[in-house]
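Here is the structure we will look at, set down as structure tokens.
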Amino acid sequence: MKKHFFSLFLLLGPVLTSFAQLRLPQVSPAAVIKQTIGLTDIVVNYHAPGVKGRKIWGNLVPFGQVWRCGANEATLISFTDAVKINGEPLPAGKYSLFMFPEKEGNWQVIFNSDTTLWGSEGYDAAKDILRVPIQNQATSFHETLQYAFNDIQAKSGNLNLTWEKLNLSFTIAVEPFAKALSNIKTDLSKVKPDDWSSYAQASQFLVQYNTEHELALNWINKSLEIKENFFNNWVKAQLLAQKEEYQQAINLTKKAMKLGQNDQKNYAPLAALMERSLEEWRVKSIAKS
């Protein structure tokens with residue numbers, strides 16, 4: 001009998017092994033979502049469970065316990081730069097993402113340094129890097145858990161987790177200026193001698209932030225030395241207006257508008273703004289004199 005059993009095992013062994021190698025559909029399939037805010041890349045790796053007729057909140061996902069924000073392995077979120085979550089600082093890096101559901105009141109979103117967990121098994125609160133209160137809001141029914149970004153701006157955006165009839169959202173804020181300025185300086189060291197555009201764009205960046213005026217002036221003067229045109233005259237006009245040198249700003253704007261007649265394709269979208277700026281700076285120039 002033992003001999004026959006052993007022979008049967010030898011026959012079935014390869015069959016069982018072959019089944020173990022099958023690639024089968026996952027009940028809660030893996031998903032990845034990526035978003036760039038400013039210059040910061042944000043990636044969320046998660047598994048997406050379905051409702052499947054179950055009671056989710058307070059049952060499948062109990063209140064008063066840490067939840068893995070998905071299925072299977074712990075949900076992971078990474079940031080290439082330091083960010084702020086609902087105003088609270090979080091260093092660059094990769095984290096396990098958890099939430100702490102509450103029956104009443106605000107929930108909490110949790111960023112934990114242990115990225116090797118299966119779900120919340122082995123979760124250690126001592127490894128939490130940040131806990132931030134968030135609000136849950138009622139929404140239309142969503143069968144499958146889903147992460148999505150919205151309201152993306154130059155320095156912030158929202159990350160939303162939506163499942164069943166709840167939406168959980170928090171704001172991610174970035175500070176791109178220092179990194180962008182470093183990139184600009186590196187890039188300008190490599191531009192060709194006749195590249196007026198890069199210097200003009202670099203100066204325009206500083207004008208947008210209304211900072212580093214002397215550096216911006218240096219760059220825009222370099223652009224004008226290479227090739228004078230409507231755009232770099234307009235950038236310098238804005239810069240001088242920020243320095244309250246309104247009459248010079250007015251003169252340069254008039255010059256830019258005249259030069260723009262020869263480049264209608266690029267000038268036309270800015271023409272109305274130039275006209276409004278002229279009027280504004282005329283008023284300020286009179287008030288200052």
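Every number in this text was worked out from the coordinates using simple rules, so none of it is lab data. Note that the coordinates shown come from a computational prediction; the quantities given were computed from them, not determined experimentally. Neighbour counts run over all protein chains shown; Cβ positions are idealised from the backbone, glycine included.
Laid out as a table, the results:
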item: The chain: most fluctuating residue of LYS190, LYS236, LYS165 per GNM, C-alpha cutoff 10 Å; result: LYS190
item: Fraction of the pair-distance distribution of the stretch 112-222 above 15 Å, Cα-Cα pairs, percent; result: 76 percent
item: Charge sum, other residues only, whose C-beta stays under 12 Å from TYR246's C-beta, Lys/Arg counted +1 and Asp/Glu -1; result: 0
item: Gyration tensor (alpha-carbon) shape descriptor, the stretch 58-109, a/c threshold 1.5; result: oblate
item: Relative counts (whole %) of C-alpha pair distances in the chain, using bins that are 5 Å wide; result: 1, 5, 9, 11, 11, 9, 7, 7, 7, 8, 8, 6, 4, 2, 1, 1, 1, 1, 1, 0, 0, 0, 0
item: Relative contact order of the chain, pairs being alpha-carbon contacts under 8 Å that are 6 or more residues apart, as %; result: 11 percent
item: Dipole in debye (nearest 20) - the stretch 36-94, about Cα centre, beta carbon charges: Lys, Arg +1; Asp, Glu -1; result: 400 debye
item: Positive minus negative residues near ALA271 (Lys, Arg vs Asp, Glu; Cβ under 13 Å); result: +2
item: In degrees, nearest ten, helix 2-20 long axis to first principal axis of the chain (Cα); result: 20 degrees
item: Paramagnetic label zone (point 7 Å from Cα along Cα-to-C-beta, GLN208; backbone N under 19 Å) in the stretch 156-180; result: 156-158, 173-180
item: 18 Å Cα-Cα threshold exceeded, pairs from LYS185/LYS243; LYS84/LYS155; LYS185/LYS227; LYS190/LYS222; LYS55/LYS103; result: LYS185/LYS243; LYS185/LYS227
item: Cα pair count fraction exceeding 21 Å, expressed as % - the stretch 177-288; result: 36 percent
item: The stretch 80-226: relative contact order as a whole-number percent, Cα under 8 Å and 6+ apart; result: 16 percent
item: Selection from ASN106, GLY122, ALA268 lying farthest towards where the dipole of the chain points positive, charges on Cβ; result: GLY122
item: Highest-fluctuation residue, PRO101, PRO193, PRO62 considered, GNM on the chain with Cα pairs under 10 Å; result: PRO193
item: For the stretch 25-173: rounded, prolate or oblate by the Cα gyration tensor [a/c cutoff 1.5]; result: rounded
item: Amide hydrogen neighbours beyond the local backbone of ILE37, cut-off 5 Å, H modeled; result: ILE42
item: Helix 246-260 axis, angle to the chain major axis (alpha carbon atoms, nearest 10°); result: 80 degrees
item: Highest-fluctuation residue, ASN112, ASN86, ASN266 considered, GNM on the chain with Cα pairs under 10 Å; result: ASN266
item: Between helix 230-242 and the chain: long-axis angle, C-alpha atoms, 0 to 90°, nearest 10; result: 90 degrees
item: For the stretch 153-226 and the stretch 102-142, distance of Cα centres in Å; result: 33 Å
item: Mean residue ellipticity (222 nm) of the chain, computed from DSSP H runs ≥ 4 via -39,500 (n - 2.57), nearest 500; result: -13000 deg cm²/dmol
